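The values are calculated or read from the model by the stated rules, or taken from the named source; none is laboratory data. Not measured: the values here are computed from a predicted model. Counting neighbours? That spans all protein chains shown, and the Cβs are built from the backbone with ideal geometry, glycine included. What goes into the accessible areas is simple: the full protein's heavy atoms, side chains included, and nothing from ligands, DNA or RNA. Shrake-Rupley method; radii C 1.70, N 1.55, O 1.52, S 1.80 Å.
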Amino acid sequence: MTEDFITYKRFNNINSAEEFGQLLKKEKIEYVIENNSLSLDATLTGNAFGNEFCVKIDKSQLKVVDEILLKKGEEDIEEVPNDYYLLSFSDDELIDVITKSDEWNTFDIALSKKLLKEKGKEITPADIEEIKNKRLEQLAKPEKSQKTYIIAGYIFAILGGWLSLFIGWHLLTYKKTLPNGDKVYAYSENDRKQGNRIFILGIVFLIIWLLYCFLK
């Protein structure tokens, strides 16, 4: 059963996704690869910009996989090229890598910890836990007000456009997934209320316009 599976990593090509999947398989971690690519973009332009392959795992395995990858990262940092870009990072930039660990690979996270330790600024497990909690709080905050989106929604609703239904429903229901697997509403309560109104208004005006066209 995969209903509790959440996206753990995203890749822009299937080979990288499958390579990561093989690492999970080796550790006996169940996973699935989901193709969320924009096929139209790839077909018309021939580039991979719209490609997205999501590797999903059971939410209950998040910490297990984190530990597996961190251990692998610590093993890999034994051999770091002299020109590796992290070696030129300042202390604040290295701390930022750890703070935003959801945006970096495990190798860079492990190397950042090692470099800080060598500089006498070791990040303890307790520090990491605190950093993760603060990061989750930051990511859980609603997106900034979607004023342009809302105005467009009302305009399309009055015009009887189907797009208003999509805009309203998206504002009302869209959730983002946090690094710990929790899902929270992406938009503020006010924007969600506006989305609900746009959705209802869109249905009303769509019916009115359809009746008008039918009776005309």
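In the stretch 49-135, inverting the average of 1/r over every pair of distinct C-alpha atoms gives 14.1 Å as the Kirkwood radius.
Each peptide among 29-35, 189-195, 152-158 gets the average number of other Cβ atoms lying within 10 Å of its residues, and from highest to lowest they stand as 152-158, 189-195, 29-35.
Stretching K121 away from I14 to a fully extended chain increases their span by 34.7 nm, per 0.36 nm per residue minus the current alpha-carbon distance.
Could you pull out the pairs from K71/K119; K71/K134; K28/K119 whose alpha carbons sit more than 30 Å apart here? The answer is K28/K119. Helical runs (DSSP H, four residues minimum) scored at -39500 (n - 2.57) apiece and divided by the length of the chain put the mean residue ellipticity at 222 nm at -18500 deg cm²/dmol.
The residues F5, F166, F107, sorted by heavy-atom accessible surface at 1.4 Å with ligands and nucleic acids left out, run F166, F107, F5 from largest to smallest.
Put a dot 7 Å past the Cα of Y84, heading toward its Cβ, do the same for D182, and the two dots end up 3.3 nm apart. By a 1.4 Å probe calculation restricted to protein chains, D127 has an accessible surface near 60 Å², given to the nearest 10. Quotient of the Cα radius of gyration of the chain and 2.2 N^0.38 Å, N being its number of residues: 1.33. The alpha-carbon of K147 sits under 24 angstrom from the alpha-carbons of these lysines, leaving out residues fewer than 8 places away in its chain: K175, K176, K183, K193. Express the accessible area of the stretch 159-216 per residue in Å², computed with a 1.4 Å probe while the remaining protein chains stay in the model. I get 66 Å² per residue for this part.
Taking the protein heavy atoms of the stretch 98-167 in the context of the full set of protein chains, the accessible area attributed to carbon and sulfur is 61 percent at 1.4 Å. Per residue, the accessible area of the stretch 1-152 comes to 68 Å², computed with a 1.4 Å probe over protein heavy atoms only. Computed from the C-beta positions of I131 and N35, the FRET efficiency with R₀ = 25 Å rounds to 0.15.
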